[in-house]
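S.K.: Take a look at this one; I'll ask things after.
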Amino acid sequence: MNRTDSASSSSSRRGFLRTIGRAAAAGVAAPMIVPASALGRGGAVAPSDRITLAMIGTGNQGFNDLRSFLRDDRVQIVAVCDVNRESLGYWNGKLGGREPAKRLVEEHYAERAGSGAYHGCDAIVDYREILGRDDIDAVEICTPDHWHAIPVIEACKAGKDIYCQKPLSLTIAEGRAMSDAVAKTGVVFQTGSQQRSDPKFRRACELVRNGRIGDLKRVLVGLPGGRPNLAGEHGEDKEVCPVPEGFDYDFWLGPAPEAPYAPARCHVNYRWILDYSGGQITDWGGHHPDCAQWGMGTDDTGPIELRNVRGSFDPPDPLWDTATAFGFEAVYENGVVMSISNEHRMGVTFQGSEGSIYANRGQIDADPKGVLDSELGPDAIRLYASDDHFRNFIDCVMSRGETAAPVEVAHRSITICHLGNIALRLGRDRLRWDPKAEQILGDDEAAAMLSRPYRDPWVLPTV
């Protein structure tokens, strides 16, 4: 099988999927399940009948996600893209980068189909080459946070379905622009907040939503603190040095301010630099506060105030400048308070008038214990059921249904964390927030931080 054969035999399927996507965006009724005949299916999934996928960002988490998609026979990965030929990394001892990713893909398909049977994976530096290709149905975007908004919106314009890693955005303004672009174009979007596909979190949130701990009063959200070295050897090297061969560092900076290269600035440890990310607050903020919102029933809104904001940036560092310790309370219109801190137990604890429920990855507990045995009847509130985040995305690409972690939900969740970072950076004890207008009230300096300027020639696209 070559790419020409694949593109030819799958063109009708791709057009069918995009027609449904456009109909959904326009509010026109469209089938929720795509018939097998429209996708060319019948028994085994032939390579020409698979959803064609390209990976944009293949270091570390991207390399790990690549493996997850390779496990789905309905997917065929035809391109990998990264500005780094090979990168530092910590996932199971693998380096990641475009060349290792290309090798992994080709070896995978060669093993499954016989030696020499697969030659369809390109290794690309510039993501725009991928978005311009008609033989690609969907993309995963697993770039640093400051490189989410531009390719996401451009992928929407190109009609590509999108799996984008968390945290969704670098700023609140970017998140709003991304969500609006998805809504306008009708592409399928999954955020990599995979705890939405964890049965323990789903069970905990269903119990809370159905009143099994009485009236919800408070939610404790525990995140890690500090700035750990995640990149292994050389990950803490902060001295300016020459850019490694095979790394397009200027492209990596992209819309972020110009800055000299040092190994500790890039790879996974970019998370500890506010120009590119938001530290533990937004890294884990794409998970636990998101599940807190799920259990609170506030997926489409947010708090009206942040209060009791406190934090530390110690030890001071010439490069890594995110908060090392933090805490703040997000107050909702109904009086429920979400408390986010690195001092809380890792995970989410829902506290009600008649008990509490705790959830973490693969864990659930309650007080009293009998709450966990509570049965939910046919009229109970049931939440979106997904047990595999990657398969759920492909399911929805095929059905044109909504994913487990849609973009608007992710935007609302990470907004809480962005607000916390804004308050910490300005030394504010309190911020007032209008979740409908998505504006900070009565503080012009804080409101100006809802967005950030881009370095020339980069601009935030419009749809």
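The values are calculated or read from the model by the stated rules, or taken from the named source; none is laboratory data. Fair warning: this is a prediction, and the values are worked out from it, not measured in the lab. Cβ atoms come from the backbone with ideal geometry, glycine included; neighbour counts cover every protein chain shown. In case anyone asks, the SASA skips ligands and DNA or RNA and just uses the protein heavy atoms, side chains included. Shrake-Rupley method; radii C 1.70, N 1.55, O 1.52, S 1.80 Å.
S.K.: Are any residues in the stretch 50-73 over 21 Å from Ala158 (Cβ atoms), surrounded by fewer than 24 Cβ atoms within 10 Å (Cβ to Cβ) and in contact with a strand residue (DSSP E or B) (Cβ under 9 Å, 6 or more places away or on another chain), and if so, which ones?
M.R.: Selection gives Asn60, Gln61, Asn64, Arg67, Leu70, Asp72.
S.K.: Sort through Arg112, Arg209, Arg128 and tell me the only one that's touching a residue at least 60 places away in the same chain (Cβ under 8 Å) and among the basic types (Lys, Arg).
M.R.: Residue meeting the stated conditions: Arg209.
S.K.: Would you point out which residue out of Arg203, Arg176, Arg218, Arg209 is modelled with pLDDT of 95 or more, surrounded by fewer than 24 Cβ atoms within 10 Å (Cβ to Cβ) and under 18 Å from the mean Cα position of the chain (by Cα)?
M.R.: From the options Arg203, Arg176, Arg218, Arg209, the qualifying one is Arg176.
S.K.: Continuing with this model, one more query. Residues of the stretch 429-463 being open to solvent by 60 Å² or more (accessible area, probe 1.4 Å) and over 25 Å from Glu258 (Cα atoms), which ones?
M.R.: Asp429, Arg430, Arg432, Lys436, Gln439, Leu441, Gly442, Asp444, Val463
S.K.: Which of the residues spanning the stretch 154-174 are in a helix (DSSP H, G or I) and acidic (Asp, Glu)?
M.R.: Glu154, Glu174
S.K.: Evaluate the stretch 180-191: report whether one residue or more is within 19 Å of Asp82 (Cα to Cα) and surrounded by 22 or more Cβ atoms within 10 Å (Cβ to Cβ).
M.R.: No, that holds for no residue.
S.K.: Follow-up question, since we're still on this one. Are there any pairs, at least 6 apart or on different chains, whose C-beta atoms fall under 7 Å, with the first in the stretch 140-160 and under 16 Å from Val125 (Cβ atoms) and the second surrounded by fewer than 23 Cβ atoms within 10 Å (Cβ to Cβ) and modelled with pLDDT under 95, and if so, which?
M.R.: The qualifying pairs are Cys142/Gln61.
S.K.: Which residues, counting only those in the stretch 267-313, are in a loop (DSSP other than H, G, I, E, B), in contact with a strand residue (DSSP E or B) (Cβ under 8 Å, 6 or more places away or on another chain) and of a type in the set (A, V, I, L, M)?
M.R.: Within the stretch 267-313, Ile304 is the sole residue that qualifies.
S.K.: Could you tell me which of the residues Ala366, Ala359, Ala405, Ala380 is touching a residue at least 60 places away in the same chain (Cβ under 8 Å), surrounded by fewer than 20 Cβ atoms within 10 Å (Cβ to Cβ) and not in a helix (DSSP H, G or I)?
M.R.: Ala380 is the lone residue from the list that is touching a residue at least 60 places away in the same chain (Cβ under 8 Å), surrounded by fewer than 20 Cβ atoms within 10 Å (Cβ to Cβ) and not in a helix (DSSP H, G or I).
S.K.: Let me ask something additional. Condition first: of a type outside the set (Asp, Glu) and over 16 Å from Phe69 (Cβ atoms). Now tell me which residues in the stretch 390-403 satisfy that.
M.R.: Scanning the stretch 390-403 gives Ser399, Arg400, Gly401.
Residues are listed down the side, and each one gets a yes or a no for (1) closer than 30 Å to Glu354 by Cα; (2) without any contact (Cβ under 8 Å) to a residue 60 or more places away in the chain; (3) among the hydroxyl-bearing types (Ser, Thr, Tyr):
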residue: Ala173; (1), (2), (3): no, no, no
residue: Lys184; (1), (2), (3): no, no, no
residue: Gln194; (1), (2), (3): yes, no, no
residue: Arg202; (1), (2), (3): yes, no, no
residue: Gly222; (1), (2), (3): yes, no, no
residue: Gly232; (1), (2), (3): no, no, no
residue: Glu236; (1), (2), (3): no, yes, no
residue: Cys241; (1), (2), (3): no, yes, no
residue: Ala262; (1), (2), (3): no, yes, no
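S.K.: While we're on this one: When Tyr249 is evaluated against the numbered criteria (1) modelled with pLDDT of 95 or more; (2) farther than 18 Å from His148 by Cα, which criterion, by number, is the only one it fails?
M.R.: Unmet for Tyr249, out of (1) modelled with pLDDT of 95 or more; (2) farther than 18 Å from His148 by Cα: (2).
S.K.: I've got another one for you. Having 3 or more residues that are modelled with pLDDT of 90 or more is the bar; report the helices (runs of 4 or more DSSP H) wholly within the stretch 35-153 that clear it.
M.R.: 61-70, 98-113, 127-131
S.K.: Of everything in the stretch 317-347 that's among the aromatic types (Phe, Trp, Tyr) and either assigned to a strand (DSSP E or B) or open to solvent by 20 Å² or more (accessible area, probe 1.4 Å) (or both), which residue is farthest from Gly295 (Cα to Cα)?
M.R.: Phe326
S.K.: Restricted to the stretch 236-256, and to residues that are in a loop (DSSP other than H, G, I, E, B) and under 23 Å from the mean Cα position of the chain (by Cα), which residue is surrounded by the fewest Cβ atoms within 10 Å (Cβ to Cβ)?
M.R.: The selected residue is Gly254.
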